Structures are given as structure tokens and as C-alpha cells.
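In what follows, a structure is listed as C-alpha cells, so that the remarks can point back to it.
The values are calculated or read from the model by the stated rules, or taken from the named source; none is laboratory data. These figures come from a predicted structure and were not determined experimentally. Positions of Cβ are backbone-derived with ideal geometry, glycine not excepted, and every protein chain shown enters the neighbour counts.
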Amino acid sequence: MQLIDFGGPCSAALNLAREESLFSRLERTGALMVFYVNTAAVVIGRNQMPWAEVRPDALASGAVPLVRRMSGGGAVYHDPGNLNYALMMPAAAPGRPRAATILQPVVRALHSLGLPARLSARNAVFVGRHKVSGTAQFMTSGRILTHGTLLVDADLKRLAGCLEPDPALQIRSRGRPSVVSPVANLRDLQPAITMAGLRQALVNACTGANGPITARPLSPAVDKAARLLAREKYQTWEWNIGRSPPGRITWEGNFKGAACRCRLEVRRGRITQVQVDSSAQRPDQLQRWAANWLHGRRLGEAATETRKRITHADTPDDTRAAFRHWLESRLPKPLPLPGGNA
């Protein structure tokens with residue numbers, strides 16, 4: 001097995017692209033162990049609806065981008081206080097190798113540092129009642145990726161704020177929801193732990209399970225390919241939002257003294273159907289306005305688009321403009337995505 005450490009904090013979009021680029025070349029390299037550290041980000045699973053997992057306002061105020069990974073599993077918060085690890089290996093036998101077996105070196109590494117770690121039924125790593133590492137898998141063409149993130153000294157207050165969806169929205173989707181668990185930093189449980197010490201403990205544990213481990217740098221060719229992949233995939237709306245599973249978003253409120261409920265059907269990140277139910281006068285008019293403003297719009301960008309669809313003749317006290325503002329105040333808010341040059 002070879003070890004590749006991406007080094008200091010870097011954008012989650014680029015590091016996920018590096019991970020995928022290495023995974024696609026696994027037949028040439030053989031089994032790999034990878035370490036990396038991300039700057040602040042929320043990383044969601046391949047099959048998750050973002051608004052069911054995060055609080056957009058918290059991400060936006062903290063400049064925390066949302067990025068979708070290629071594996072399943074739940075949403076996790078990353079920052080420089082997390083150590084991310086990945087184990088990539090051929091899977092010659094039929095069927096998916098058990099994550100519980102692959103992840104045993106992670107559990108042994110924590111035991112060697114004085115922490116009584118264990119795997120949950122969902123293959124998360126716990127110490128006592130606290131979750132310290134979420135994990136996920138992806139398998140294709142005889143290759144399997146098992147990766148996770150270890151909370152070493154992360155900002156748990158920001159984590160809690162980001163991974164709390166808007167309670168005013170009722171969201172149902174075909175995606176896999178995250179399982180909420182109490183979390184803790186390893187350093188709070190064992191103050192002597194350092195990033196370097198944790199890396200070495202993981203290497204030692206994997207050496208015992210997979211034979212000698214040889215460290216090597218990330219090749220310039222793989223890094224160049226990863227930067228292109230980051231720009232064309234991991235930084236895009238199409239992957240991070242458009243890849244969302246179909247879902248339904250509903251909210252209820254009061255418009256001009258009357259009960260009002262709005263339901264959006266969403267597919268591939270776009271609003272495909274709008275239904276307004278209201279006890280107000282002319283509910284059919286509210287329905288037409290909402291459908292005209294919202295149908296076909298990108299979720300999270302719909303509020304901005306409604307302004308473009310309102311004529312200049314509307315005034316703030318018009319019923320039409322008032323209903324627009326009512327919708328805008330309740331629509332799912334935009335999610336910050338990765339930007340800049342990878």
C-alpha cells in the first residue's frame with residue numbers, strides 16, 4: 001500500500017477531485033491510503049437533498065461552501081480541525097467488501113492513542129456516546145473507496161449551526177437523510193492527540209493490516225487532472241445541487257390573515273410543480289402567480305428570479321407584490337458553492 005498526504009488545508013472541491021482522480025487510476029497504483037485536510041465546508045452524500053441537511057444562512061454567514069462527494073452517507077462538516085482519510089483498494093471478490101472490516105485499522109489506531117473507539121451499525125466511529133468520525137463507501141469496476149473524517153479539533157459550534165436544516169421547511173425526498181448523533185473532538189477526549197500523532201497511528205494500524213506502507217507525493221499529472229475535475233464537477237451547480245434526488249418542500253404560514261400553504265415538487269434541483277392552498281380570496285390567483293414565478297426555476301435561486309418576473313407596475317402594497325414578498329421570505333435560501341481557481 002502507498003500513502004499520499006495532500007498536506008495542509010485546501011478547498012474541499014479540490015481535495016475531493018484529487019481523491020476521485022487517484023481512485024480512477026487505482027489499477028495502475030495499487031492500494032492507496034490518503035490523508036487530507038479541508039478548509040471550512042459542508043460535504044454531503046451523493047444521494048442527499050442539500051436543504052434537508054443544512055442551514056443556508058449559517059453556511060453563507062460563515063463563508064462555508066457546500067460540496068457533494070461521490071460516495072453515499074450523510075452530511076459532514078469539515079474544517080482544518082478535521083483529518084480526512086481514504087482507503088482505496090481493488091475489490092477482486094464479488095460483492096461489496098464490508099466497511100466494518102476495512103475500517104478496523106481506524107478503530108485500532110484510536111485504541112493505540114488511549115481511546116476506546118468502536119464502530120456503529122452504520123460504520124460511524126464512536127468513542128463512548130460521541131461520534132468522532134463519519135464514514136462512507138463508493139465502489140465501481142472492481143475498486144472500492146472507503147473514506148471518513150476524524151474530528152480532532154473542529155469548530156463544533158459552527159458544525160452544529162451548519163448541519164441544522166430550516167425547521168420551517170418540511171422536506172421529503174428520495175435521498176438518504178443524515179443520522180444525527182452527539183459529536184466530540186478527539187482532543188477533548190484525549191488532550192495529548194495531535195494531527196501528526198493521529199496520522200502516524202493510522203499508518204501504523206494500516207501497516208499491520210495491509211503490509212508495508214510507502215509514502216509518495218501526489219504526482220503533477222494527477223494534480224493537474226484533479227484541478228480540471230474540480231472546475232468541471234465539484235465547483236458546479238449541476239453536481240452540487242442539480243444532482244439532488246427528487247423531493248417535495250412544503251411550508252405553511254399566514255398571508256393577509258388567511259392560512260396559506262405552498263408545496264414545491266423538485267427534480268434535478270429545479271422546481272417542476274407548484275401548489276398553493278389558501279383560504280384567502282381568489283386562491284386560484286395566488287396559484288397562477290406562484291406557478292408563473294417559480295416553475296422551472298433553480299431551487300435556492302427562485303426568490304431572485306421572482307423579482308425579474310414582476311412588472312414595474314407592481315407597488316409594495318399590491319396584493320401581487322405582497323404575495324411575492326411572502327413567497328420570497330419562505331423559499332429555500334441560496335447555498336454557497338465552491339468558487340475560485342482550483
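Within segment 35-52, the set of residues being of a type in the set (A, V, I, L, M, F, W, C) and closer than 22 Å to G247 by Cβ comprises V42, V43, I44, M49, W51, A52.
Please indicate, with yes or no, whether at least one residue in segment 177-193 is on the phi > 0 side of the Ramachandran plot and either surrounded by 15 or more Cβ atoms within 10 Å (Cβ to Cβ) or not in a helix (DSSP H, G or I) (or both). Looking through segment 177-193, none of the residues is on the phi > 0 side of the Ramachandran plot and either surrounded by 15 or more Cβ atoms within 10 Å (Cβ to Cβ) or not in a helix (DSSP H, G or I) (or both).
Candidates in segment 52-72 are the residues that are over 26 Å from T250 (Cβ atoms) and modelled with pLDDT under 95; of these, the one that is surrounded by the most Cβ atoms within 10 Å (Cβ to Cβ) is G62. For the structure I just gave you, tell me whether A117 is free of Cβ contacts under 8 Å to residues at least 24 places away in the same chain, touching a Leu at 6+ places or on another chain (Cβ under 6 Å) and buried (at least 16 other Cβ atoms within 10 Å of the Cβ). So A117 passes the test.
Filtered by the rule that a residue be over 17 Å from E328 (Cβ atoms), among the basic types (K, R) and part of a strand (DSSP E or B), segment 249-278 gives R267, R270.
Do you know which of the residues in segment 1-51 that are surrounded by fewer than 21 Cβ atoms within 10 Å (Cβ to Cβ) and of a type in the set (G, A, S) is modelled with the highest pLDDT? Step by step, filter segment 1-51, then rank; the result is S24. Whenever a residue of segment 142-163 is more than 22 Å from V54 (Cα to Cα), its partners that are β-branched (V, I, T), lying with C-beta atoms within less than 9 angstrom and at least six residues away or across chains, give the pairs I144/I102; T146/I102; T146/T135. Once segment 73-86 is narrowed to residues that are within 12 Å of the chain's Cα centre (by Cα) and not β-branched (V, I, T), the residue that is surrounded by the fewest Cβ atoms within 10 Å (Cβ to Cβ) is G74. Output yes when any residue across segment 270-278 is without any contact (Cβ under 8 Å) to a residue 60 or more places away in the chain, surrounded by 16 or more Cβ atoms within 10 Å (Cβ to Cβ) and among the charged types (D, E, K, R), and no when none is. Yes.
Among the residues of segment 157-173, the ones that are more than 26 Å from A184 (Cβ to Cβ) and either at pLDDT 95 or above or in a strand (DSSP E or B) (or both) come to 4 in all. Of all residues in segment 30-81, exactly one satisfies the criterion of being part of a strand (DSSP E or B) and in contact with a Gly (Cβ under 7 Å, 6 or more places away or on another chain), namely V76. Contact annotation: no residue pair with Cβ atoms under 8 Å, 6 or more positions apart or on different chains, pairs a residue in segment 315-342 that is not assigned by TED's automatic domain parsing to the domain that holds Q287 and among the β-branched types (V, I, T) with a partner that is in a loop (DSSP other than H, G, I, E, B) and modelled with pLDDT of 90 or more. Of all the listed residues (T214, T194), the sole one being within 20 Å of G7 (Cα to Cα) and over 30 Å from the mean Cα position of the chain (by Cα) is T214. A196 fulfils the conditions (1) out of contact with any Leu (no Cβ under 6 Å at 6 or more places or on another chain); (2) of a type in the set (G, A, S); (3) touching a residue at least 12 places away in the same chain (Cβ under 8 Å) except for a single criterion, (3).
Given the residues Q281, Q285, which is the only one that is farther than 17 Å from F6 by Cβ, in a helix (DSSP H, G or I), at pLDDT below 95 and not charged (D, E, K, R)? Every option except Q285 fails the conditions.
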